[in-house]
Structures are given as C-alpha cells and as structure tokens.
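What follows is calculated from the coordinates using simple rules that are stated; it is not laboratory data. It should be emphasised that the depicted structure is a prediction, and the values quoted were computed from it without experimental measurement. Methodologically, a virtual Cβ is constructed for each residue, glycine included, from the backbone with ideal geometry; neighbour enumeration extends over all protein chains shown.
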Amino acid sequence: MASLSRIFDLLSEERRRYALYYLEQREEPIPVDELAEQIDEWEDDPTDLDLSDEYRNVELELEHKHLPKASDAEFVEYDPDEEVVEVTGSPAEFSAILSVSETIEQPSGD
C-alpha cells in the first residue's frame with residue numbers, strides 16, 4: 001500500500017501530475033519526448049507566441065526533476081538511458097487519487 005504522504009508528494013507538482021495522468025493511461029513504456037509533447041500541449045497558452053523553447057524546457061524538467069522523483073515510487077519505472085518511462089502495477093489508492101485529481105484539473109480541456 002502506498003502511503004498517503006507519498007502519493008500527495010508525487011502529486012505536489014503540476015507538471016509531474018500531468019506526466020502521471022498520461023502514463024497511467026498507457027500500458028507500455030512511453031518515450032520521454034512523447035510525454036513532454038503531451039504535457040506541452042496541455043500547458044499550451046494560445047496567447048503565447050514563443051513556443052519553440054517550451055517543449056524542450058518541459059522535456060528537460062521531466063528528465064532532471066520530475067521523472068527521477070516519480071521513479072522513487074516502486075510503480076514508476078524511468079530509464080534515463082533508454083529515455084522511456086512507465087507506470088506499472090500502481091496501487092489502487094494511487095490510481096483513485098490520481099483519477100480524482102485529473103477529473104478536477106482536466107488538463108486535456110475536456
């Protein structure tokens with residue numbers, strides 16, 4: 001069982017939550033660049049005209065901050081050499097809280 005403190009710590013950063021929303025829906029390892037592209041799309045501000053560097057900033061932050069921290073959880077597997085990440089066997093508590101969080105936050109704009 002995942003501790004509530006650990007789950008909330010994982011969800012404390014918006015970009016990491018976005019990564020976990022996307023990863024929880026997938027059944028196979030996801031390339032970090034694909035994950036960064038999706039997060040960048042969810043964060044996209046239509047009034048911001050300079051988007052060229054934002055995708056790369058998302059990718060770098062994922063690689064150096066969010067994915068290493070998330071991989072401390074036994075159900076997040078991040079391979080920096082292969083540049084892939086996946087969620088496997090996440091505890092029911094985590095999935096439930098993540099689902100509620102995603103419903104409230106609605107990153108996809110649904």
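Side notes on the structure shown:
- Rounded to the nearest 20 debye, dipole of the chain from Cβ charges on Lys, Arg, Asp, Glu: 660 debye
- With R₀ set to 22 Å, the beta-carbon distance separating Glu93 from Glu37 gives a calculated FRET efficiency near 0.15.
- Computed helical MRE - 222 nm, the chain, DSSP H runs ≥ 4 contributing -39500 (n - 2.57), nearest 500: -14500 deg cm²/dmol
- Of Asn57, Phe94, Ser3, farthest towards positive along the dipole that unit charges on Lys, Arg, Asp, Glu beta carbons give the chain: Ser3
- Neighbour-count ranking [beta-carbon atoms within 10 angstrom, fewest first] of Val58, Val84, Val100, Val32: Val100, Val84, Val32, Val58
- Taking only Cα atoms of the range 4-105, radius of gyration then Dmax in Å: 13.3, 41
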